[in-house]
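Undergrad: To start, I am sharing the structure in question, which I have written as structure tokens.
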Amino acid sequence: MGKAERKKKAKPMRSHPIIDESVSMNSEEENDTLKLQNFLANGETLPVIKQLYSPDVKERAWAASCSSNLILGDKKIRRLLLSQNLIKALIERLTDDYEIAREALGTLRNLTVVNEHEICVEMYRKDILTPLMVLVSKASGVIDNIIKGIPAESDPIVDARDTIWKSAENIICIIWALSETSQEVLRGINNTNIIPFLMSCLIQTCTVPTNTVVSAAQCLHTLTDDNPDVHIHFQQNPQYAQSLLNVINLDENTLSSKEHLLFIKVLCCGILSNLYSVVGLPISKSESMLDLNNYLMPVLIPCLTFDIKKAADEAIENVSEIDNAQCPETTKEHPKYTIPTAENNLNKINVQLMTLQLALEILSKIFLDCFSKDGDDDGWQDESQEDNDMMSTNVKEDNIMEDIIIMGMNQPDEQSKIHPILNTFATIILPKLFTLAYPTHLSFPEQLGPNVLPMPSVAPEITSSLATVHIRTIECINNFLLVMVDNVEDKWWFTQHREDAKQAWTLLFELGNQVTGKGINDPGQENRVKILDALIGCLWTLARGLESCVPVTSDQIRCLFGCYESDVYDTMRVKIIGTLGMIARRQNAIDDNKLIGSFLFNIPSLLKNDKNDSTSPECVIEVLNAIYDIYADKDFDYDEPVFVQGGYLPLLENIVDAIRKMAKSIDKRTSRDLRLRADEAYENLVAFINYKRDERNN
């Protein structure tokens, strides 16, 4: 059964540029690179490694800088450098003179990008945190002096002010990359005192360079995600919460880049959302999580109004202008365009898309936190209508109550008064999600047919970001639907907003057709498959909520058949079976039941004694469970004409041994949950056969 998707340790999109571009290669270094390539055939230590240990300060600095260029270039050279203990040498240089340490930081940061997981593990095991925290202490002293206006003479690092921000950014990005590696590494970071440094970089938004602020916010957002050891820092320093709220409330003209300021604000929303259960916000103790959301929602919801179709058009236009600018000839109609301007425009679009992705993740998390059955009572049952009006007022003040003609939402009712957040999601957020779910002409690579690799996107980074927006959007929709089915009394949305739910079914199928396009199995179309997988999860949940009211057509049923038979994940096939199982249980739809029943009984080729069958145990189990539910009662109007007359009972009797063998073949040690479900499916099969035999005799 589908579960609400709470992404643990989901990696946020990296700030741009990812690579430390301050480490640049001049013509002399390019010549040295060529020399190094000629040196590969020898088994000796490479010159660049030797020079990292040179007694000459300039040679050590050159080696740290040169190694950065080398690792970003030829993979063979990078592997060779790593095999000769480059990481250890660079970590040792972090305790060297500042200029050398600064170059080493840039190289180490770039290493986390080119081979993130393995490199980060090796860095941690070579004790990178110890010299990093020494640098953090010194950098903090310089930054503190800058912020307070203290003369440079008292800085703990001499002549560092021109480069300290880039060094701080590199330190933060290394810590951020390490924090996403493993729980062991994360625990090591938890034992440092990095939080005050990150907070000092984040809250001085007007003083600290934007890239450093963004990196600090991204790192904090990751570190505060389900990490109680870090939460303690915020419990002990309640002023941190107020500082984050202050950033959220900054005037939009605080920074020259409004796009980056909004990104920072949304990151702060994410940090506070991660901390809501442990941070005492500067508000009265009687107020619940709703009070936090009154701060967050006016920032997050407007992000959903970003016009992704317009952004796609602008991206294509800017790429075209870059191409025109590179042409030697220009015309009056196509004047020569400044490349940096167009590239800056593309960067702004990508920052806006990253902001949108993050806002979607946070909104989904907020909704799950509010209605999780496993969570603590957040006070939602006791909120007054005054609080509901307060949230609505905050939303209106940000001009986001405009009509969106996608779903005809009903008016607030008694349930939304009890759960103030519920009506906000149902009437304001959900319509915007359906708008964002629809792909643009830049969301995927062009489909050129089977076995034909697509041409690269004109703006590959934008294309990737758009696809991620669609995935996050549909996951958010599915989480809403799952909560409405499983966690809210009387399936409120499905009963009070039934027409909206039925329209959602139609919209999701239309969306699925757009995503599929000419076919999802073409090369380079992996994101189409991911989005379709999420869409089918939504359909399954909608079918559970609507039950007999699912507005399905026979063509839609056949579309699900076709999707199952495509080259897709088994997880998607399981969702398709679950969806079909719910659809087949409707009364007064015998033809649909016959169509689905025939399909389900032919899914596991075990039913046809095909020993070469490749159907996964997960799919077989889901098929059997669907059959048990669909044909559970002889009084169902389709039971006699479909199950009995179709001769399905003998088919089930013939596969008992095959199902038992399938269950026994699953290793309990490696797949314990699957084995338990398979054993249960086998036991239920035996019981179901006996039940159906006796049913007609009584």
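The values are calculated or read from the model by the stated rules, or taken from the named source; none is laboratory data. Note that the coordinates shown come from a computational prediction; the quantities given were computed from them, not determined experimentally. A quick note on method: Cβ atoms are made from the backbone with ideal geometry, for glycine too, and the neighbour counts reach across all protein chains shown. The area values use the complete protein model at the heavy-atom level, side chains included, leaving out ligands, DNA and RNA. Shrake-Rupley method; radii C 1.70, N 1.55, O 1.52, S 1.80 Å.
Undergrad: Considering (1) touching a Pro at 6+ places or on another chain (Cβ under 8 Å); (2) surrounded by fewer than 20 Cβ atoms within 10 Å (Cβ to Cβ), say which one PRO551 fails and leave the rest.
TA: For PRO551, the exception is condition (1).
Undergrad: So which residues in segment 189-198 are open to solvent by 10 Å² or more (accessible area, probe 1.4 Å) and either in a helix (DSSP H, G or I) or not β-branched (Val, Ile, Thr) (or both)? Don't jump to the end; show me each part of the working.
TA: Our first condition is that a residue be open to solvent by 10 Å² or more (accessible area, probe 1.4 Å); within segment 189-198, this holds for 190-193, 196.
Residues satisfying the conditions are ASN190, ASN191, ASN193, PRO196.
Undergrad: Follow-up. If only one of ASP657, ASP635 is of a type in the set (Asp, Glu), under 25 Å from PRO617 (Cβ atoms) and either open to solvent by 70 Å² or more (accessible area, probe 1.4 Å) or out of contact with any helix residue (DSSP H, G or I) (no Cβ under 7 Å at 6 or more places or on another chain) (or both), which one is it?
TA: Working: ASP635 fails: under 25 Å from PRO617 (Cβ atoms).
Just one listed residue meets the conditions, ASP657.
Undergrad: Looking at segment 141-149, is at least one residue polar (S, T, N, Q), without any contact (Cβ under 8 Å) to a residue 24 or more places away in the chain and open to solvent by less than 40 Å² (accessible area, probe 1.4 Å)? Lay out the reasoning, then the answer.
TA: Taking segment 141-149 as the starting set, the residues that turn out to be polar (S, T, N, Q) are 145.
Those left that are additionally without any contact (Cβ under 8 Å) to a residue 24 or more places away in the chain: 145.
Remaining after also requiring open to solvent by less than 40 Å² (accessible area, probe 1.4 Å): 145.
Yes: one or more hits.
Undergrad: When you check SER215 against the structure, is it hydroxyl-bearing (Ser, Thr, Tyr), surrounded by fewer than 17 Cβ atoms within 10 Å (Cβ to Cβ) and within 23 Å of CYS303 (Cβ to Cβ), yes or no?
TA: On the way: hydroxyl-bearing (Ser, Thr, Tyr): yes; surrounded by fewer than 17 Cβ atoms within 10 Å (Cβ to Cβ): no; within 23 Å of CYS303 (Cβ to Cβ): yes.
No: the conditions fail for SER215.
Undergrad: May I ask you to list the residues in segment 166-185 that are farther than 20 Å from LYS126 by Cα and surrounded by fewer than 21 Cβ atoms within 10 Å (Cβ to Cβ)?
TA: Kept after step one, since they are farther than 20 Å from LYS126 by Cα, are these residues of segment 166-185: 166-169.
Across segment 166-185, the qualifying residue is only LYS166.
Condition check ((1) farther than 30 Å from GLU547 by Cα; (2) crowded, with 24+ Cβ neighbours inside 10 Å) across all residues:
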site	(1), (2)
GLU461	yes, no
THR473	no, yes
CYS476	no, yes
ASP486	no, no
PHE494	no, no
ARG498	no, no
ALA501	no, no
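Undergrad: Just give me the residues in segment 669-684 being touching a residue at least 12 places away in the same chain (Cβ under 8 Å) and more than 28 Å from the chain's Cα centre (by Cα), in sequence order.
TA: Just the residues of segment 669-684 that are touching a residue at least 12 places away in the same chain (Cβ under 8 Å), to begin with: 674-675, 677-679, 681-682, 684.
Across segment 669-684, the qualifying residues are ARG675, ARG677, ALA678, ASP679, ALA681, TYR682, ASN684.
Undergrad: Right, next: What are the pairs, 6+ residues apart or on separate chains, where a residue within segment 246-259 that is more than 18 Å from CYS201 (Cβ to Cβ) has its Cβ under 7 Å from a residue that is open to solvent by 80 Å² or more (accessible area, probe 1.4 Å) and not in a loop (DSSP other than H, G, I, E, B)?
TA: Note: pairs meeting the criteria are GLU252/LYS258.
Undergrad: Further question on the same structure: Restricting to segment 636-653, give me the number of residues that are among the aliphatic types (A, V, I, L, M) and on the phi > 0 side of the Ramachandran plot.
TA: The number of residues fulfilling the criteria is 0.
Undergrad: Right, next: Report the residue count in segment 57-86 for those that are open to solvent by 50 Å² or more (accessible area, probe 1.4 Å), charged (D, E, K, R) and modelled with pLDDT under 90.
TA: If we filter segment 57-86 for residues that are open to solvent by 50 Å² or more (accessible area, probe 1.4 Å), which is where we start, we get 57-59, 62, 72, 74-76, 79, 83, 85.
With the extra rule that they be charged (D, E, K, R), the set shrinks to 58-59, 74-76, 79.
So of that shortlist, the ones also modelled with pLDDT under 90 come out as 74-76, 79.
Result for segment 57-86: 4.
Undergrad: Tell me, which residue of segment 685-698 that is surrounded by 13 or more Cβ atoms within 10 Å (Cβ to Cβ) and touching a residue at least 40 places away in the same chain (Cβ under 8 Å) is farthest from ASN625 (Cα to Cα)?
TA: GLU695
Undergrad: Just to be sure I understand the filter: pairs with C-beta atoms under 6 Å, separated by 6 or more residues or on different chains, first member in segment 105-123 and open to solvent by less than 10 Å² (accessible area, probe 1.4 Å), second member modelled with pLDDT of 95 or more and polar (S, T, N, Q). Which pairs pass?
TA: LEU105/SER167; LEU105/ASN170; GLY106/ASN170; ARG109/ASN170
Undergrad: Is it fair to say VAL469 is part of a helix (DSSP H, G or I) and either over 29 Å from GLU321 (Cβ atoms) or in contact with a His (Cβ under 7 Å, 6 or more places away or on another chain) (or both)?
TA: Here the answer is no, as VAL469 does not meet what is asked.
Undergrad: Here is a follow-up. Going through CYS219, CYS206 one at a time, which residue ends up being on the phi < 0 side of the Ramachandran plot and either assigned to a loop (DSSP other than H, G, I, E, B) or β-branched (Val, Ile, Thr) (or both)?
TA: CYS206
Undergrad: Any residue at all in segment 96-117 that is over 21 Å from GLN51 (Cβ atoms) and in a loop (DSSP other than H, G, I, E, B)?
TA: Yes; the residues of segment 96-117 include at least one that is over 21 Å from GLN51 (Cβ atoms) and in a loop (DSSP other than H, G, I, E, B).
Undergrad: May I ask you to list the residues in segment 567-591 that are open to solvent by 30 Å² or more (accessible area, probe 1.4 Å) and under 37 Å from the mean Cα position of the chain (by Cα)?
TA: ASP567, TYR569, ASP570, THR571, ARG573, LYS575, MET582, ARG585
Undergrad: Could you list, ordered by first residue, the pairs with Cβ atoms under 8 Å in which the first is in segment 52-77 and free of Cβ contacts under 8 Å to residues at least 60 places away in the same chain and the second is assigned to a loop (DSSP other than H, G, I, E, B) and buried (at least 20 other Cβ atoms within 10 Å of the Cβ), at least 6 apart or interchain?
TA: Short answer, once both residue conditions are applied: ARG60/LEU52; ALA63/LEU52; ALA64/LEU52; SER65/VAL23; SER67/LEU52; SER68/ASP20; SER68/VAL23; ASN69/VAL23.
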